[in-house]
Amino acid sequence: MLNAGDNAKNALVESLNGTLADHFALYMKTKNFHWHVEGPQFRSLHELFDEHASEILGVTDDMAERVRKIGGKTLTSIGSVSAATKVADQDDTDLDATSMVRELRDDNNALVERIRTTKKAAEDAGDNATDGLTDDWTDMAEERAWFLNSLLQ
């Protein structure tokens, strides 16, 4: 449990859950693009999207466990993810590869900002463990955005 007041702790739990929801939503979008990408870059994008999806999903357990360790409750369903995420759905299975790359780049950049908000909430709550974890999550999202942006040059 944190030594911070209830308001700071509640803000941190809400922020962590939002970051978690964004990761789940971005995982699903990235897998969608992995499954539906076509064109000259098929193989490289198919593999890149799969790598990114695995990385995104790989940090979700740490996020959810941070929520629980600080005494909060975490996401429980697809509906709770949908209610908390800022990542827009993309149901167009005919989206061209460049549009997919651009959308994932933008979503990863937005995720960096969301993680930074969580870092600030962790600082405000005096939660050094979450604060430290957010640095790794930020670095991973920035690297994904960099890779995707490099494909668009």
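The values are calculated or read from the model by the stated rules, or taken from the named source; none is laboratory data. As the structure is a prediction and not an experimental result, all values here were calculated from the model. Cβ coordinates were reconstructed from backbone atoms using ideal geometry, including for glycine residues, and neighbour counts include every protein chain displayed. Accessible surface is based on the protein model in full, side chains and every heavy atom, while ligands, DNA and RNA are left aside. Shrake-Rupley method; radii C 1.70, N 1.55, O 1.52, S 1.80 Å.
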Please enumerate the residues belonging to the stretch 20-38 that are polar (S, T, N, Q) and over 13 Å from the mean Cα position of the chain (by Cα).
Asn32
Can you name every one of the helices (runs of 4 or more DSSP H) wholly within the stretch 43-153 that holds 1 or more residues which are under 19 Å from Lys31 (Cα atoms) and of a type in the set (Val, Ile, Thr)?
60-69, 78-84, 97-125
Within the stretch 72-103, count every residue that is of a type in the set (Val, Ile, Thr), open to solvent by 30 Å² or more (accessible area, probe 1.4 Å) and either within 24 Å of Asp135 (Cα to Cα) or touching a Lys or Arg at 6+ places or on another chain (Cβ under 6 Å) (or both).
2
So how many residues does the stretch 25-68 have that are surrounded by 15 or more Cβ atoms within 10 Å (Cβ to Cβ) and free of Cβ contacts under 8 Å to residues at least 24 places away in the same chain?
5
Asp106 being surrounded by 13 or more Cβ atoms within 10 Å (Cβ to Cβ) and free of Cβ contacts under 8 Å to residues at least 60 places away in the same chain
yes
For the stretch 132-153, which positions are closer than 13 Å to Leu16 by Cβ and open to solvent by less than 30 Å² (accessible area, probe 1.4 Å)?
Thr134, Trp137
